[in-house]
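Let me begin by presenting the structure, written as structure tokens, before commenting on it.
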């Protein structure tokens, strides 16, 4: 039995890529967001095109971390201004982790927090070297005291 012309193979890889994101997946996400907005008495006016674009974003808007399929780095939709609903220009794709941590922070507070954390992360290798050097100095002192004592 041959497949009808124009039908899709149901065993396709479900991973999202620009080529494989189906209209059905976009519609399901729109319904989910719309229902969430309605349950919380929030406005919802995102277009199909906007939701598709958000689903195709490869990285978190706030951290530029690539999305995973599941877990803390999975894709989530965030309202940049929490006082507004899911409206055009107010929704970005971000990680579940950032979205849950963001809560009621402003965009500026998130930027400042991210900047501070990034700077601290960049300083870690230097701090590790200094700790290692301190330990080596202590070790040498202890050896000298043991040999000389």
**OP:** Residues that are modelled with pLDDT under 90: find the helices (runs of 4 or more DSSP H) completely inside the stretch 1-109 holding 3 or more of those.
**Re:** 96-102
Subject >> Condition check for residue 99: under 19 Å from residue 43 (Cβ atoms), buried (at least 18 other Cβ atoms within 10 Å of the Cβ) and without any contact (Cβ under 8 Å) to a residue 40 or more places away in the chain >> reply: yes
Original post:
Any idea how many residues of the stretch 38-58 are touching a residue at least 24 places away in the same chain (Cβ under 8 Å) and closer than 30 Å to residue 116 by Cβ?
Top reply: 2
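The values are calculated or read from the model by the stated rules, or taken from the named source; none is laboratory data. What you see is a predicted model, and the numbers here were worked out from it, not measured in a lab. Cβ atoms come from the backbone with ideal geometry, glycine included; neighbour counts cover every protein chain shown.
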